[in-house]
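Notes follow once the structure below has been shown.
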Amino acid sequence: SVIVTSSLPPDPEPKCSFLFHGSHRMGATVFVQPLDLVKNRMQLSGQGTKAREYKTSFHALFSILKNEGVSGIYTGLSAGLLRQATYTTTRLGIYTILFEKMTGADGRPPNFFLKALIGMTAGATGAFVGTPAEVALIRMTADGRLPPDQRRGYTNVFNALARITREEGLTTLWRGCVPTMARAVVVNAAQLASYSQSKQALLDSGYFGDDILCHFCASMISGLVTTAASMPVDIVKTRIQNMKTIDGKPEYKNGLEVLLRVVRSEGFFSLWKGFTPYYARLGPHTVLTFIFLEQMNRLYKTYVLDG
């Protein structure tokens, strides 16, 4: 519909944004790594029991700082950087190729639904390529909560990848790739749909103009919706990628078993364990993405199309 399409963010200039996007995401990782660590610890805490290891995200953060020091909250940073390098560049590369293929001969960009489909396809492909780094990240961030004799003790992401391949086989690097790809699809779809609907609703209310305040508020709502929608898939991914094989048997057979066991043993709302750090990480990213794209579009329209 015209309403949905009109509130979509513009299309980034692929040639310029490719390098910029990858490097700014890697830069952001340095700041959000502690949030990732807290989220992963909370998702892994209290497995199979209603007892909570951490009362809140702040309790988790302070207890990690107390027990492992400042360097402890940056455990797995190398894996976080590799994840961005592999996932972001692949996703943007695929998006650019598909976007150009779907652009009409007259230069007309794809419609809303095609754009959403391109975004989800690119997200899923990027997630598949990024899964080995994701597995390393989950395991490295989880290590500190285990007793010293049970820790995996990976020194960096490359050590982790080499040891996983050697000790558990090459295919283990892609363990949990289905929920990883599913999460990417959910995040892409939820961000696009909720942003365009939120922006339209704010404009229709009469209290907002099509300005940066409107974009900010729509982005915050979009981040909230996206977090709520993707967290149950994310906890499945985290648990599967961290699981150990005991006597040749994996802890979980599949993602559905993870969901059922979490709901049965830990309670329905445990599917949203780590909501605060996840939203604190995804919220600003959603805001910056959409505000940046809206401003780029405005400048492009002002200086290129109207100039």
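The values are calculated or read from the model by the stated rules, or taken from the named source; none is laboratory data. All values derive from a computational prediction rather than experimental measurement. Cβ coordinates were reconstructed from backbone atoms using ideal geometry, including for glycine residues, and neighbour counts include every protein chain displayed. Ligands, DNA and RNA are excluded from the accessible area calculation, which covers all protein heavy atoms including side chains. Shrake-Rupley method; radii C 1.70, N 1.55, O 1.52, S 1.80 Å.
When the solvent-accessible area of the stretch 176-273 is split by element, carbon and sulfur atoms take up 69 percent of it, the probe being 1.4 Å. For the chain, the equivalent ellipsoid derived from the alpha-carbon gyration tensor has semi-axes of 36, 21, 18 Å in decreasing order.
Ellipticity at 222 nm from helices only: DSSP H runs of n ≥ 4 in the chain, each -39500 (n - 2.57), divided by the residue count, give -25000 deg cm²/dmol. The residues of the stretch 207-307 present an accessible area of 53 Å² per residue when probed at 1.4 Å with all protein chains retained. Distance distribution note for the stretch 1-175: the fraction of Cα pairs above 24 angstrom is 49%. Between Arg52 and Leu146, residue separation times 0.36 nm minus the direct Cα-Cα distance comes to 32.3 nm. Quick one: pull the percentage of alpha-carbon pairs in the stretch 176-273 with a separation above 16 Å. Everything past 16 Å amounts to 63 percent. Rg/Rh for the stretch 136-234 (Cα atoms only, Rh after Kirkwood) is 1.22. Sparsely packed loop sites in the stretch 53-87 (the trypsin sites (Lys or Arg not before Pro) outside DSSP H, G, I, E and B with at most 14 other Cβ atoms within 10 Å) comprise Lys55. The alpha-carbon of Lys244 sits under 23 angstrom from the alpha-carbons of these lysines, leaving out residues fewer than 8 places away in its chain: Lys39, Lys50, Lys253, Lys273. Backbone amide hydrogens, once placed in the peptide plane, bring Glu251 within less than 5 Å of Lys244, Ile246, excluding anything fewer than 5 places away on its chain. Counting only aspartates and glutamates at least 8 places from Lys249 when in the same chain, those with an alpha carbon closer than 20 Å to its own are Glu167, Glu168, Glu257. If R0 is 30 Å, the Cβ-Cβ spacing of Asp211 and Val304 corresponds to a FRET efficiency of close to 0.90. Charges were assigned to the Cβ only: +1 to each Lys and Arg, -1 to each Asp and Glu. The resulting dipole of the stretch 1-175 about its Cα centre is roughly 420 debye.
Each peptide in 223-233, 199-209 gets a packing score, the mean of other Cβ atoms within 10 Å over its residues, and the list from highest to lowest is 223-233, 199-209.
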